[in-house]
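In what follows, a single structure is set out as structure tokens and then discussed.
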Amino acid sequence: MKTLFSAILLAVFSVGVHAQSRFENAQKQASENKELILLNFSGSDWCIPCIKLHKTMIGTDEFKKLETENIVVYINADFPRNKKNQLSTELKKENSSLADHYNPKGIFPYTLLMNSEGKILKSWEGLPSGNASSFTKEIREIKENQKP
């Protein structure tokens, strides 16, 4: 009986707990580690420039170094169309909320570099010009020019 009662209490309290969103977690991590946030809006299965951006820039080892070296926290707000690629309801909600706030025009791909408070430092509409090296170099320069 105690176990059943405990399970019911746990279930009731777990429903009431607000889970932090990926963006809130990114802000916390960016603040603690003095990192920037890179938020990318993409259509991973229908937007050709989005697919190219991920393949030629974000998916590269050069970009991944930005994450491992505590330069950026990366968030992908994806909007896939194919049924097999659909996201969880919670993730769809979060991505829609981010789009309402940061991408109301619905531009794809749309990439934002922000500080930990969510202030936009740089934005790229469409595919950024150049290659992974120039893209990551630009991000590093913006990070270096931030006041501590």
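The values are calculated or read from the model by the stated rules, or taken from the named source; none is laboratory data. Owing to the predicted nature of the structure, the values given are computational and were not obtained by experimental measurement. Cβ placement follows ideal geometry from the backbone for every residue including glycine, while neighbour counts extend to all protein chains displayed. In case anyone asks, the SASA skips ligands and DNA or RNA and just uses the protein heavy atoms, side chains included. Shrake-Rupley method; radii C 1.70, N 1.55, O 1.52, S 1.80 Å.
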What residue, among those in segment 26-83 that are open to solvent by 20 Å² or more (accessible area, probe 1.4 Å) and among the small types (Gly, Ala, Ser), is nearest to Asn145 (Cα to Cα)?
-> Ser31
Since Glu94 meets every condition but one in (1) in contact (Cβ under 8 Å) with a residue 60 or more places away in the chain; (2) under 25 Å from Gly130 (Cβ atoms), which condition does it not meet?
-> (2)
Any pair with Cβ under 7 angstrom, 6 or more apart, that starts in segment 128-148 at a residue that is of a type in the set (Val, Ile, Thr) and ends at one that is surrounded by 10 or more Cβ atoms within 10 Å (Cβ to Cβ) and in a loop (DSSP other than H, G, I, E, B) | Ile139/Ile71
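Filter segment 118-130 down to the residues that are part of a loop (DSSP other than H, G, I, E, B) and more than 18 Å from Tyr74 (Cβ to Cβ), then identify the one that is least open to solvent (accessible area, probe 1.4 Å).
Applying the first criterion (part of a loop (DSSP other than H, G, I, E, B)) to segment 118-130 yields 118-119, 126-130.
From what's left, more than 18 Å from Tyr74 (Cβ to Cβ): 126, 129-130.
Values: Gly126: 18, Ser129: 104, Gly130: 62 Å².
Looking at the filtered set, the residue picked out is Gly126.
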